[in-house]
Structure formats: structure tokens, C-alpha cells
Amino acid sequence: MRRTRSRPQAYVAPVISSSDATSALPPRAARLIGLGSWLPPRQVDNADLAERLDTSDEWIRTRIGIASRHIADPGMATSDMAVEAGLRAMKAAGVEHVDAVVLATATPDHHVPGTAPLVAHRLGLSHVPAFDVGAGCSGFVYATTVAAGLIHAGTAGTVLVIGAEKMSAIIDPADRSTAPIFADGAGAVVLASGRAGEPGALGPVAWGSDGEHADAVQIPSGGSRNPSASAREERYVYIKGNEVFRHAVRRMDQVAREAATAAQWSIQDIDRLIVHQANARINAAVANALGVPPQHVPSNIAHVGNTSAASIPLLLSHAAVKGQLAAGHRVLVASFGAGFTWAATTLLWPSGLQAIT
């Protein structure tokens, strides 16, 4: 008998804290107080790729929406970029210390140890808890959700959340299906204890995963399942492009609606939609599915590329600097990544928020 599968729903994490249960105050929430980002200085444009790949500038721009991307030098690691973004976020927030560091990355410096403790040490935060979160391109929203949980519980008052990737380290430079897409960079935010509903406070989070499609974005070797690569291409990211496109649009549409509903917003209330910069066509399709006008959807993919877990904090930082995010804007953030994983949340953009790029 064929089993009928119901449509999975993302879990929605409420904004609540047991310490506030009997208080007249709104529940405790994680509040955004600073943004920072950093990109490697070296830019690689489409013409550079066309010289060695069977592709063209026109094809990359039309199919992916990218004109150039930033690539780290061989001696630079993910931790180096994470430190730069973290420094900028802490300076923007006006803080010299945080209570925890959470690093979202799919490209750690090493399998062991985690990269976050090294980043914390280099930031002068040697004795605070620090750990990595791996959820692909959804990693940053996952990491902010974990950080918000620490703040809700009273375990931390301030948390530095970083998304950093050296995607060029895991992409086959000869693969025309991935080399034009992925790039390197880092973005970070500082979250502090606040109250639900106030400007800058993160709203309820809708998130989920579907491991049935774990092989859709995958590095076949290097883990415990297959430690040694039997072929060169097994060391690099492999993507089932059409499958990823289809699921990315559907899942981000779904999870964005769930996060908006949990925040008691309608989609028509949204002033800005921030989506993971995977592909310009995916971004447009998600905005179209939600009915959000293109002018309300900031994007930096054309000159930044797909930076995986760094994508959303980079875009938030760049959009803030450009004045695309203004005080009072209702902002909806949605992401989708390998796993498959997906997550979305909301916030009312605060006045006076600093971003340093």
C-alpha cells in the first residue's frame, strides 16, 4: 500500500521565557544592536571564469544573476573572515565583550576542533562559550535562533552571531555548474537582551528540515560515511540544480508565510524581504510567490555571489549601509540550504542601528 504523505509544516518557535511568565512585561527577546561584514578584496568577474570554463558572462548573468564575486586568497581561512566581520559588528554595537559566540559555517577551518572557539579567542573573548552551527545556507538564521534561545533563557545577555564561508575551498574550479555561483565572505550581528515587539527584536522563528533530500547538495567524501575520495570531484560540492531550485522556492515561500503569521503580520505588511542570495531567479520567484514587489527585495548577489551562511548577514549589512532598511520597516528574513534546511523570522527595523562593512 502506498503511504500518503502530508505536507510537512515548519516548527514555529515562540518568543517566550519562563522568567517572564508571571511578569507584566513583554517576554524577553533577542534584539539586534549591531551589524558588520567583510569581503575578501579580490574580485573575480565573469570574464575571468569564461576564460577557463565552458560558459559566458551573458549566460552567468542571465541564469544566475551574478556579475562578479569575492574570492579569498589561498592562505586565508574562514576564521580570518569571521574575525573581521565580528570585529565590525561589535564596534557597530558599541560593545567590547559578549557572553557567547555562535558561528554558522559549512567551511570550518578544520573538522576538529570547531572554528568558533578560535574566532572567540582572536576577538579577545577566550573564556566565553563558542560553537559552530552547520545548516548550510540556512545556517545564519539557525544560529540566530540558537542565540535568541540563550538570551530568552537568561543564559546570555549578548551574543555575537557570525556567518562566514570560504566556499572557494569546497568548489571545483572546473565545474561550470558551481564555480560561477559560490563565493567567500563573512557577516555578523550582535544580539542583546530586549523585549518582544520592540524595534530590533527578533520575532518568532519558523524552521524545519527534510533529510530525504540530503544528497541534493553534498560533498560525497571526507566525512565518516566516506572518508576517502575515490575521484577528484568527490572532494567538492555537488548540486542537483533543478531539485534545489524547486524546493528552495517552495520552502522559502512556505516558511516566510509561517513566520509572518506567527508575528501576526500579513504578507502585505512586509516592507522588506531579505532572502538568502542563492540565485537571482530563485530570489525573484520567492518574491513573486509571496507577492512582494521587487523594489522591496534588496539584493547583493550580482557582486557578492552565493556566500552560503554568510549571505543573509552580508545582505543585511549592505542594505543597511545603502539606506534600503529604514527605521520602522517590517522585515521578513527567509533562508534555505543544504540538508534540506529552511528558516525564517521577522523584525521591526530599529532606528540608529549601525552597520560597518
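Go through region 222-266 residue by residue and tally those that are touching a Ser or Thr at 6+ places or on another chain (Cβ under 9 Å), surrounded by fewer than 20 Cβ atoms within 10 Å (Cβ to Cβ) and either assigned by TED's automatic domain parsing to the domain that holds PRO173 or part of a helix (DSSP H, G or I) (or both).
Total satisfying the criteria: 3.
Just checking, which of ALA285, ALA326 is assigned to a loop (DSSP other than H, G, I, E, B), of a type outside the set (Lys, Arg) and at pLDDT 95 or above?
Values: ALA285 fails: assigned to a loop (DSSP other than H, G, I, E, B).
Within the list ALA285, ALA326, the selection yields ALA326.
Test ALA309 against the stated conditions and say whether it is in contact with a helix residue (DSSP H, G or I) (Cβ under 7 Å, 6 or more places away or on another chain), without any contact (Cβ under 8 Å) to a residue 60 or more places away in the chain and either closer than 22 Å to PHE340 by Cα or not assigned by TED's automatic domain parsing to the domain that holds VAL217 (or both). Write out each step before concluding.
Values: in contact with a helix residue (DSSP H, G or I) (Cβ under 7 Å, 6 or more places away or on another chain): yes; without any contact (Cβ under 8 Å) to a residue 60 or more places away in the chain: no; either closer than 22 Å to PHE340 by Cα or not assigned by TED's automatic domain parsing to the domain that holds VAL217 (or both): yes.
Considered against the rule, which asks whether it is in contact with a helix residue (DSSP H, G or I) (Cβ under 7 Å, 6 or more places away or on another chain), without any contact (Cβ under 8 Å) to a residue 60 or more places away in the chain and either closer than 22 Å to PHE340 by Cα or not assigned by TED's automatic domain parsing to the domain that holds VAL217 (or both), ALA309 comes out as no.
Here is a list of conditions, (1) buried (at least 21 other Cβ atoms within 10 Å of the Cβ); (2) over 13 Å from the mean Cα position of the chain (by Cα), and LEU316 meets all of them except one; can you say which number that is?
(2)
Being without any contact (Cβ under 8 Å) to a residue 40 or more places away in the chain and surrounded by fewer than 22 Cβ atoms within 10 Å (Cβ to Cβ): is that true of SER177 here? Lay out the reasoning, then the answer.
On the way: without any contact (Cβ under 8 Å) to a residue 40 or more places away in the chain: no; surrounded by fewer than 22 Cβ atoms within 10 Å (Cβ to Cβ): yes.
No.
Does any residue in region 104-123 that is small (Gly, Ala, Ser) come within less than 6 Å, Cβ to Cβ, of a residue that is modelled with pLDDT of 95 or more and assigned to a helix (DSSP H, G or I) six or more places away or on a different chain, and which pairs are these?
What qualifies is ALA104/GLY139; ALA104/PHE140; ALA104/ALA143; ALA104/ALA309; ALA106/GLY136; ALA106/SER308.
Among what's in region 193-223 and is β-branched (Val, Ile, Thr) and within 19 Å of the chain's Cα centre (by Cα), pick the residue that is nearest to LEU160 (Cα to Cα). Working first, answer last.
The first filter runs over region 193-223 and keeps only residues β-branched (Val, Ile, Thr), leaving 205, 217, 219.
Okay, now just the ones that are also within 19 Å of the chain's Cα centre (by Cα), so 205, 217.
Details: VAL205: 18, VAL217: 28 Å.
Applying the filter and picking the extreme gives VAL205.
Could you please give the count of residues in region 197-219 that are farther than 27 Å from GLU84 by Cβ, outside any strand (DSSP E or B) and out of contact with any Ser or Thr (no Cβ under 9 Å at 6 or more places or on another chain)?
Residues that pass the stated criteria total 8.
How do the pairs read when you match residues in region 314-333 that are under 16 Å from SER37 (Cβ atoms) with residues anywhere that are of a type in the set (Phe, Trp, Tyr), using Cβ under 8 Å and keeping only pairs 6 or more apart or on different chains?
Short answer, once both residue conditions are applied: LEU325/TRP349.
The values are calculated or read from the model by the stated rules, or taken from the named source; none is laboratory data. Every value quoted in this text rests on a predicted model; they were computed, and no experiment measured them. Here the Cβ is made from the backbone with ideal geometry for all residues, glycine too, and neighbour counts use every protein chain on show.
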